[in-house]
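*Asks:* This is the structure I want to talk about, given as structure tokens.
The values are calculated or read from the model by the stated rules, or taken from the named source; none is laboratory data. Everything quoted here is computed from the prediction, not taken from an experiment. Because the Cβ atoms are built from the backbone with ideal geometry, glycine has one as well, and the counts that use them run over all protein chains shown. Only protein heavy atoms, including side chains, enter the accessible area calculation; ligands, DNA and RNA are left aside. Shrake-Rupley method; radii C 1.70, N 1.55, O 1.52, S 1.80 Å.
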Amino acid sequence: MSGDGALALLRREGRIVIVGASLAGLRAAETLRKEGFTGSLTLIGDEPHEPYDRPPLSKQVLLGHATADRTALPRRLALDAHWRLGVAATGLDMAARRVRLADGDEVEYDRLLIATGVHARPWPHETEADLDGVFVLRTRDDAARLQRRLAASPRRVLVIGAGFTGSEIASACRERGLPVTVAERGAAPLVGALGGVIGRAAAELQREHGVDLRCGIMVTALEGDPVGRLRRAHLSDGTTIDTDIAVVSLGATRNTEWLAGSGLGAGPRGIACDAGCRAFDVRGIVTDDVFVAGDVARSPHALFGYQFLSLEHWGNAVAQAETAAHNMISSSSERRPHLWMPAFWSAQFGVNIKSVGVPSLGEEVIVAQGSLSDRRFTCVYGYQGRVIAAVTFDQTKWLEFYQRQIESAAPFPPDYPSVDRRPEGLRPVPAEFPDPSLPTHGPSVTVSGYSPTDQRITFVPAHA
């Protein structure tokens, strides 16, 4: 059969399986049907719920303004699909084109889309993680459990990690009038994503809203009472915090464990794919029947030096899913690259934070408009003499302009006058991102003794 004939048969009678029944999986399925795919369509998800929206979980749900079961994603069209919810994928046989499921079943495919996303990184000590009062926040069920405990007026909430999710949780707690301590091992909140300059502004914002913010510090242990309820946290500076709730916000891990041994180029950093969303196998050869989209994907972006980017952004999940779905049922000449401009948003402590580009690539940053002290500004990041990203605090209207600057490789620092540029914005300063090769904080470990039987390790917690 000719290539055109095989593609027509695929579009008419083929079997497409999507592993991951969340935002990316849903939008991919809708795109397939919209573009004329009439074959068999199966969506597999490990959660029992139909696709729901995650951003409200750390905002409206924690505040009690919406319940977790009211976060279902709107459907763009009625889907003729077979849903396999509440059963996880456990393996992939690429040669036989089969996905193995936790219930022992297997599902065959002609094209496979992997959109399994990420899961919250748990507290590393299992016994402590099992204490009543220790939470993570990633799923709808996580949010429902945490909201119930916040509504019970705990004496204090400890948030471990001050990235975007941790900061939004702290914001929701303060809005509910709850005492909250944030423990962050970096120098400031959001420092890994936005750098030290904006991180300091974020720290002042948190403290102004009553957060007990402690940076350059780690939680070394969580202590329970005799019946297994959390009662205290121990910090690396030797202090303790009495608390009923600890929310572990230490980032996310990509859901690729089920692909071990499959031959696909998958690991903790995600699944590598080309700009057309086709997955690489372990030899570095692109596959033609396995595609990737959403948080679990790592793909090269032409605007950012063809670096492989993993983007945990709502808009990226939608755009990449649509591109992957289109390419799955298109000839090679009709396929298109995933060129979505990275962007994110966050609402915390009454401030709307938005970004375009990739701030973490920035070498320098300049306050192009407004003032850090006013918590209302636009910061522009530069990399190798060009504009690479922009971040706004309550100045969203300027982002579209800076997106055009990024797309046109405009020079950095900006060589044009801008509205409301203050003295602090006359020259760029180092963006102050932490060196990822160096631990930001850690204990002192020494080894004494000469013979192997005499050697002893001494662990001394670091002091901030």
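*Asks:* Of the residues THR139, THR127, which single one is among the hydroxyl-bearing types (Ser, Thr, Tyr) and either modelled with pLDDT under 95 or surrounded by fewer than 19 Cβ atoms within 10 Å (Cβ to Cβ) (or both)?
*Replies:* Result: THR127 is the single residue among THR139, THR127 that is among the hydroxyl-bearing types (Ser, Thr, Tyr) and either modelled with pLDDT under 95 or surrounded by fewer than 19 Cβ atoms within 10 Å (Cβ to Cβ) (or both).
*Asks:* Here's another thing I want to ask about it. Among the listed residues ALA162, ALA172, which satisfies the condition of being modelled with pLDDT of 95 or more, crowded, with 22+ Cβ neighbours inside 10 Å and in a loop (DSSP other than H, G, I, E, B)?
*Replies:* The conditions single out ALA162.
*Asks:* So, in the range 37-76, of the ones that are hydroxyl-bearing (Ser, Thr, Tyr) and under 25 Å from ALA162 (Cα atoms), which residue ends up surrounded by the fewest Cβ atoms within 10 Å (Cβ to Cβ)?
*Replies:* Of everything passing the filter in the range 37-76, THR67 is surrounded by the fewest Cβ atoms within 10 Å (Cβ to Cβ).
*Asks:* Out of all the residues in the range 308-329, which are over 29 Å from GLY36 (Cβ atoms) and touching a helix residue (DSSP H, G or I) at 6+ places or on another chain (Cβ under 8 Å)?
*Replies:* Passing the criteria: SER310, GLU312.
*Asks:* Which of the residues that make up the range 270-292 are in contact (Cβ under 8 Å) with a residue 40 or more places away in the chain and closer than 22 Å to PRO359 by Cα?
*Replies:* GLY270, ALA275
*Asks:* Here is a further query. With the range 1-77 as the region, which helices (runs of 4 or more DSSP H) entirely inside it contain at least 1 residues that are in contact with a Pro (Cβ under 8 Å, 6 or more places away or on another chain) and of a type outside the set (S, T, N, Q)?
*Replies:* Those helices (runs of 4 or more DSSP H) span 23-34.
*Asks:* Which residue pairs have Cβ atoms closer than 6 Å, lie 6 or more positions apart in sequence or on different chains, and pair a first residue in the range 351-379 that is acidic (Asp, Glu) with a second residue that is open to solvent by 10 Å² or more (accessible area, probe 1.4 Å) and outside any strand (DSSP E or B)?
*Replies:* So the pair list comes out as GLU364/PRO428.
*Asks:* Using the structure shown, decide if LEU178 is more than 30 Å from ILE18 (Cα to Cα), touching a Ser or Thr at 6+ places or on another chain (Cβ under 9 Å), assigned to a loop (DSSP other than H, G, I, E, B) and not small (Gly, Ala, Ser).
*Replies:* When the stated conditions are applied, LEU178 passes them.
*Asks:* Okay, moving on. Answer yes or no as to whether ASP420 is under 30 Å from LEU63 (Cα atoms), charged (D, E, K, R) and free of Cβ contacts under 8 Å to residues at least 60 places away in the same chain.
*Replies:* Judged against the criteria, ASP420 is not a match.
*Asks:* Taking the condition over 30 Å from LEU150 (Cα atoms) and surrounded by fewer than 18 Cβ atoms within 10 Å (Cβ to Cβ), does ASP105 pass?
*Replies:* Spelling it out, ASP105 is indeed over 30 Å from LEU150 (Cα atoms) and surrounded by fewer than 18 Cβ atoms within 10 Å (Cβ to Cβ).
*Asks:* In the range 319-328, is there at least one residue being at pLDDT below 95 and farther than 11 Å from LEU113 by Cβ?
*Replies:* Checked the range 319-328: no residue is at pLDDT below 95 and farther than 11 Å from LEU113 by Cβ.
*Asks:* Here is a list: PRO56, PRO74. Which entry is closer than 30 Å to THR243 by Cα and either within 23 Å of the chain's Cα centre (by Cα) or modelled with pLDDT under 95 (or both)?
*Replies:* PRO56
*Asks:* Now, a different point. Take the residues in the range 274-315 that are farther than 19 Å from THR256 by Cα, not in a strand (DSSP E or B) and not small (Gly, Ala, Ser); name whichever of them is nearest to the chain's Cα centre (by Cα).
*Replies:* Out of the qualifying residues, it is TRP314.
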